[in-house]
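Structure first, commentary second.
The values are calculated or read from the model by the stated rules, or taken from the named source; none is laboratory data. Quick caveat, the model's predicted, so the values are computed rather than measured. Don't worry about glycine lacking a Cβ; one is built from the backbone with ideal geometry, like all the others, and counts go over all protein chains shown.
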Amino acid sequence: MISGVGTAWTTANAGEAMPGVLYPLGWTFWGDGVNAVIMRVFQSLGLLSAREAAALDPSIADHRFFGIFAGRACVNVSLVRAMGDRIPGSTGDAIEKQMFGGLNSGLVNEPMRRRYPAVVARLPIVLTQAIRSLRSARIANERYWHEAIASPPQTLDQARRLLLAATGRFESTMIVHLQNTLIAQALYDRTSQLHGADDLADHFALSTGYGAMEETAVLQGIWEMAHGLCTMDTFLNDHGYHGPREGDITGRSWREDHAPILSMMDLYCRVPIERSPREVERARVDVRRAAERRLLAGLTPAKRPFVALLLRWTAQAILRRQVGKVAFLYAIDEARVAARSAGQIMHAQGIIESPDDIAFLTVDELTARPTRFAQLRDLIAQRNEIRCDYLKTEIPRHWTGNPIHTSIAARVARSEGVGRVSGLPVSGGVAEGTARVVTDPVADGMDEGDILVCSTTDPSWVPLMFLAGAVVVDIGGPMSHAAILARELGIPCVVNTIDGSQRLRDGDPIRVDGSTGHVVAL
């Protein structure tokens, strides 16, 4: 893609769902379809008029929400900020900080108040629809996922039909998920304004302890399996759609590869019942309720009911955000079943050299009927060469215009341990421990209480986060996955360190202050 000179971009946020250099199949599963979905979401919320939406051309990078540069997925910060400036009670700055972990674009707020009436009018309607649709999408997508893994496609036509159906379910789920996510962002921003800078501890307490989190069920399942209370088959039947790079259709879910879960069994065996995931969840609920009582007690009787309503709406929106994530992850793993089956069938028929070569085809190419198989192999070889080149380079986390490509080898040669790393504080407390710089969510070499240092997280990292004494993440913001889960677990967390996973050395003792954002080598 080619960007306009003034458009700001970032790999933050997109890097949570689609990390690293993507394969064509992974990118096209998200790319154009979800870009169109997001524009529909903006329009449904009243942020875009029908005329504005019609004028957006997805072939122009500046008009897109998602872009791709050097094989990395990124988000159009300029567009996101423009939408934030149209939300009553929010700003471009607030949305940029929440979604991307800081203000790095250099852009200024440009409120568009004439959109406020449309947004206010649409919000109750969209919220009501999103609540109903998210619940039904989760139930339906779970059923379709179970059907797909129980009876995977046996022919290419079956695989194509399943991939098209799963893609459609993914995109329809993303509509209501993103509607709720934008509402949750705005509500969280309002909640964060209830306290001053010196009330950070209470702010963190108000942003936790929601209870009934989807990830807690995953953790409890692993804990019960480690203690002989459930089987691997039972666990995978409930949670097997998770796995490393789970937002990428080319990743391998736990139902395909149990190794990440098995690597944690010994550590979870040592966790007593009083520190089991459900007990931790109950304790965090108590922390939030106490913080709410303190806050409400200090308000006038006139303000108290409105603030209580805001707190309840925020909690509900964040919980729905987790429901929406599970719903679209079901659809992704269903599509993964289709793609994996297609790869195996095409390999068996001699169409491609390896089942994994399916990753180098786009969704459109896979769902079409290829007839020139020799050309297909040439195309795969060309794309593999391009991807290998991308893997040797990196681009900035934030930039304006087109990104500068730099050599990874040159950066590694210059890298050395540092005494201090700073980022965004998103979960309070102080922890000291051994830094474990981890690239994949596998527990090899990690002990309970170690400090987890990584580039990004998704739900497949939750089992490691539960064991960690603190978490340090290169990307993220107050509403990113790592931030929400760290607050739920009650452990310090610093995100948006940019390159902390490259600068901190595995095995070094470090101190993490989740209230200041400082990470210091001891």
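Assorted remarks:
- Residues of the range 43-61 satisfying the condition of being hydrophobic (A, V, I, L, M, F, W, C), closer than 30 Å to ALA121 by Cα and out of contact with any helix residue (DSSP H, G or I) (no Cβ under 6 Å at 6 or more places or on another chain): ALA50, ALA54, ALA55
- ALA148 being touching an Asp or Glu at 6+ places or on another chain (Cβ under 8 Å) and over 15 Å from VAL323 (Cβ atoms): yes
- Residue, farthest from ILE475 (Cα to Cα), within the range 396-408, restricted to residues that are surrounded by 15 or more Cβ atoms within 10 Å (Cβ to Cβ) and at pLDDT 95 or above: ASN402
- Flag for LEU134 being modelled with pLDDT of 95 or more and touching a His at 6+ places or on another chain (Cβ under 9 Å): no
- Selection within the range 455-476: residues that are more than 11 Å from the chain's Cα centre (by Cα) and assigned to a loop (DSSP other than H, G, I, E, B). The member of this set that is nearest to GLU432 (Cα to Cα) is GLY469.
- Residue identified as touching a strand residue (DSSP E or B) at 6+ places or on another chain (Cβ under 7 Å) and at pLDDT below 95 among VAL519, VAL471, VAL437, VAL512: VAL437
- Taking first residues from the range 98-110 that are closer than 16 Å to MET83 by Cα and partners that are surrounded by 13 or more Cβ atoms within 10 Å (Cβ to Cβ) and among the aromatic types (Phe, Trp, Tyr), the Cβ contacts under 9 Å between residues at least 6 apart in sequence or on separate chains come to GLN98/TYR188; SER105/TRP9.
- Within this structure, HIS195 passes the test of being farther than 30 Å from ILE273 by Cβ, touching a His at 6+ places or on another chain (Cβ under 6 Å), outside any helix (DSSP H, G or I) and modelled with pLDDT under 95.
- Taking (1) within 23 Å of PHE42 (Cβ to Cβ); (2) free of Cβ contacts under 8 Å to residues at least 24 places away in the same chain in turn, VAL120 satisfies each apart from (2).
- LEU164 satisfies every condition listed in (1) surrounded by fewer than 18 Cβ atoms within 10 Å (Cβ to Cβ); (2) not in a helix (DSSP H, G or I) except (2).
- Test: ASN35 is of a type outside the set (Ser, Thr, Tyr), within 17 Å of HIS398 (Cα to Cα), out of contact with any Gly (no Cβ under 7 Å at 6 or more places or on another chain) and surrounded by fewer than 23 Cβ atoms within 10 Å (Cβ to Cβ): no
- Inside the range 96-126, residues that are of a type outside the set (S, T, N, Q) and farther than 22 Å from GLU52 by Cβ make up a count of 7.
- Residues that are at pLDDT below 95 and not aliphatic (A, V, I, L, M), drawn from the range 14-25: GLY15, GLU16, PRO19, GLY20
- ILE175 meets the conditions (1) assigned to a helix (DSSP H, G or I); (2) at pLDDT 85 or above; (3) more than 20 Å from ILE95 (Cβ to Cβ) in every case but one. The failed one is (3).
- Verdict on GLY476 being surrounded by fewer than 23 Cβ atoms within 10 Å (Cβ to Cβ) and either in contact (Cβ under 8 Å) with a residue 60 or more places away in the chain or not β-branched (Val, Ile, Thr) (or both): no
- Listed by position, the helices (runs of 4 or more DSSP H) enclosed by the range 259-326 that each have at least 2 residues that are among the β-branched types (Val, Ile, Thr) and under 30 Å from GLY449 (Cα atoms) are 277-297.
- Yes/no for VAL426 being modelled with pLDDT of 90 or more, buried (at least 22 other Cβ atoms within 10 Å of the Cβ) and touching a Ser or Thr at 6+ places or on another chain (Cβ under 8 Å): yes
- Restricting ALA159, ALA121 to those that are of a type in the set (Gly, Ala, Ser) and buried (at least 16 other Cβ atoms within 10 Å of the Cβ) reduces the list to ALA159.
- Within the range 429-453, restricting attention to residues that are of a type in the set (A, V, I, L, M, F, W, C) and in a strand (DSSP E or B), the residue that is surrounded by the fewest Cβ atoms within 10 Å (Cβ to Cβ) is VAL430.
- Selection status of ILE139, under 24 Å from LEU236 (Cβ atoms) and over 20 Å from the mean Cα position of the chain (by Cα): yes
- Restricting attention to the range 88-134 and to residues that are within 25 Å of the chain's Cα centre (by Cα) and among the hydroxyl-bearing types (Ser, Thr, Tyr), the residue that is nearest to ILE175 (Cα to Cα) turns out to be SER133.
- Residues of the range 480-522 classified as closer than 18 Å to GLY211 by Cα and hydroxyl-bearing (Ser, Thr, Tyr), total: 1
- Matching helices (runs of 4 or more DSSP H) fully within the range 199-246 where at least 3 residues are free of Cβ contacts under 8 Å to residues at least 24 places away in the same chain: 214-226, 232-239
- Between ALA165, ALA130, ALA150, the distinction of being among the aliphatic types (A, V, I, L, M), free of Cβ contacts under 8 Å to residues at least 12 places away in the same chain and closer than 30 Å to THR367 by Cβ belongs to ALA150 only.
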